[in-house]
Amino acid sequence: MDFTIPEEIRMMCETIKRFVEEDIDPIWQKIEEDDEVPEYIVQKMRELGIFGMCVPEAYGGLGLDTLGECLIYETIGRANTSIRTRFSTNNGIGSLGILYHGTEAQKKKYLPDIASGKKTIAFALTEPGAGSDASAIKTVAERKGDHFVINGSKMFITNGAIADLVTVMALTDPQKRARGGITAFIVEKGTRGFSVGKHEKKMGLRGSTTTELNFEDCEVPVENVIGGEARIGQGFKTAMRVLDKGRLTLAAASVGMAQKALELATQYSKDRVQFGQPICQFQLIQGMLAQMATEIFAGRQMVYRTAWEKDQGKDVTMEAAMSKLYCTEMLGRVVDTALQIHGGMGYMKEFAIERMYRDARVVRIYEGSSEIQKIVIARELLK
Ligand code: COS
């Protein structure tokens, strides 16, 4: 194992940490109140190159390896979660299908604009009747000559409202489903029959849009099948591979958020005086801080090792699921403890830990719930 961090990644992490501290932290409450990430912040993110971290340089991205990308996610995890979700579909679930299985023509056509952040891409798998049971989707794509006609609707789509492009999973053979019957399509905004539906009101993630997407006799040419003719019916495997990676980067972001919560709680415990001394002098508080730090340390090692193994070409389906399971559950415990250390203040909106407590709740659910991660881990063990 070699987790030596290349100089350019270390410098990039420092730049991003400065971006979070100087540009995001002073406006975190404004993002909450407006429920929007200001456009000038999005522009800065474009300039930092973080919309194209995993896209190869040949297509205009940074071409980072998995470990480099996880380090950036860990750093950005310190900011409002909506900052991460704004660019993460371009790096992860939205674009990875094209990156892994797209034709050369699709890569050339779409990846440069995705990498630069000029265009936003979303990922549409989930439906009202297909959440954890991803292969139960009902959205159909019927072939008619040189195009497919998509009908159905998707829900809980991150960046759905602002997406210029969407990777859509649809049934092309209802008998075969996960094994040869689901196909991945690229649908462009403005395509007739494609529309944005209801905007969800969420517990947290303010500043990030989550919407329904509707497809009504939406015609998509065959060349928009990710991977072309050869990959018709192979979309479920594309989705699963994409999620393997998404789960790892989400684990990395959870480590960063947990670290930030620990730092806030540590500082608060030094500042807050009760019974005549800073509360950090009490061993019960010290025990909480020590427990949080230890769990963060463990989660971070899982992420780095899994990323490193992925970069060595190893299949990390099980390790990515373990990292997602542990780091997101760990984050839940850490933000809860950090809020407890803040006492009554932690329950107030003016303290960032209140936002973090709400934002942290969803990571145990999306990109595969903790229960799904356990299924994935157990299946790998029993193979
Ligand atoms: N990589 C590549 N292929 C994979 C894979 C992976 N990680 N996981 C499964 N597959 C393949 C299988 O190998 C199988 O193909 P073969 O029979 O040819 O080998 C096919 O996909 C079907 O797999 P499986 O039988 O495991 O499908 P299930 O319907 O049982 O679903 C789970 C498996 C539960 C793992 C899947 O539905 C899942 O991940 N659900 C959660 C979805 C999710 O994360 N949603 C979040 C919203 S999207 S942001």
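Think of the chain as a dipole: +1 on every Lys or Arg Cβ, -1 on every Asp or Glu Cβ, centred on the Cα centre; then among Ile27, Leu71, Gly97, Gly97 lies furthest on the positive end. Beta bridges from DSSP with both residues in the chain: antiparallel share about 85 percent, rounded to the nearest 5.
Working from the alpha-carbon coordinates of region 57-115, get Rg over Rh, Rh being the Kirkwood radius.
Numbers: Rg = 12.2 Å, Rh = 12.2 Å.
Reported Rg/Rh (Cα atoms, Kirkwood Rh): 1.00.
Probe of 1.4 angstrom, ligands and nucleic acids ignored: what's the accessible area per residue over region 11-157, in square angstrom? List each step's numbers first, then the result.
Working: 5730 Å² over 147 residues.
Per-residue value: 39 Å².
Between the residues Gln373, Ala261, Ile353, the greatest Cα displacement towards the positive end of the dipole of region 237-381, with unit charges on the Cβ of Lys, Arg, Asp and Glu, is found for Gln373. Length gained on full extension, Lys108 to Tyr347, computed as 0.36 nm times the residue gap minus the Cα-Cα distance: 81.2 nm. For region 46-60, putting each phi into the Karplus relation 6.51 cos²θ - 1.76 cosθ + 1.60 with θ = phi - 60° gives couplings of 4, 5, 6, x, 7, 7, x, 4, 9, 6, x, 4, 4, 10, x Hz, in residue order, rounded to whole numbers and with x for Gly and Pro.
How would you order 18-25, 89-96, 184-191 from highest to lowest mean count of nearby Cβ atoms within 10 Å? Mind dumping the intermediate values first?
Values: 18-25: 15.5, 89-96: 28.1, 184-191: 19.6.
Descending mean neighbour count gives 89-96, 184-191, 18-25.
The listed peptides 302-311, 265-274, 365-374, ordered by packing as a protection proxy, come out as 302-311, 365-374, 265-274 (highest mean of other Cβ atoms within 10 Å first).
Once the mean 1/r over all distinct Cα pairs of region 197-303 is inverted, what Kirkwood radius in angstroms do you read off?
It is 18.7 Å.
In this label model, Glu263 and Glu188 are separated by 4.2 nm, measuring between points 7 Å along each Cα→Cβ vector. Potential lengthening of the chain between Phe3 and Glu142 amounts to 45.3 nm, from the contour at 0.36 nm per residue minus the alpha-carbon distance.
Assuming a ≥ b ≥ c are the square roots of the Cα gyration tensor eigenvalues, decide whether region 105-159 counts as rounded (a/c under 1.5), prolate (otherwise, with a/b larger than b/c) or oblate. Don't skip to the end; give the middle numbers.
Details: a/c = 2.91, a/b = 1.33, b/c = 2.19.
In terms of gyration-tensor shape, oblate.
Judged by the gyration tensor of its Cα atoms, with axes a ≥ b ≥ c, region 1-128 is oblate; a/c meets the 1.5 cut and b/c is at least as large as a/b.
Value of Rg to Rh for the chain, rounded to two decimals, is 0.98; Kirkwood radius and Rg both from alpha-carbon coordinates. Along each principal axis, taking the top coordinate minus the bottom one, the Cα set of region 1-73 gives 43, 26, 16 Å in descending order.
Do the sum for the chain: with -39,500 (n - 2.57) for every DSSP H run of n ≥ 4, divided by all residues, what is the mean residue ellipticity at 222 nm, to the nearest 500 deg cm²/dmol? Walk me through the numbers on the way to the answer.
On the way: 12 runs with 186 residues, N = 383.
After summing the helix terms and dividing by residue count, I get -16000 deg cm²/dmol.
Each Cα pair of region 237-381 feeds into the Kirkwood radius, which the Stokes-Einstein equation turns, at 10 °C and 1.306 mPa s, into a diffusion coefficient of 99 µm²/s. The distance from the alpha carbon centre of region 363-383 to that of region 209-256 is 18 Å, rounded to a whole number. Alpha-carbon geometry of region 289-357: the Rg and the Dmax are 15.2, 48 Å, given in that order.
Where does region 121-234 land on Rg(C-alpha)/(2.2 N^0.38 Å)?
1.02
The values are calculated or read from the model by the stated rules, or taken from the named source; none is laboratory data. Note that the coordinates shown come from a computational prediction; the quantities given were computed from them, not determined experimentally. Positions of Cβ are generated from backbone atoms using ideal geometry, with glycine treated the same way; all protein chains shown enter the neighbour counts. Just the protein is used for accessible areas: all its heavy atoms, side chains included, with ligands, DNA and RNA removed. Shrake-Rupley method; radii C 1.70, N 1.55, O 1.52, S 1.80 Å.
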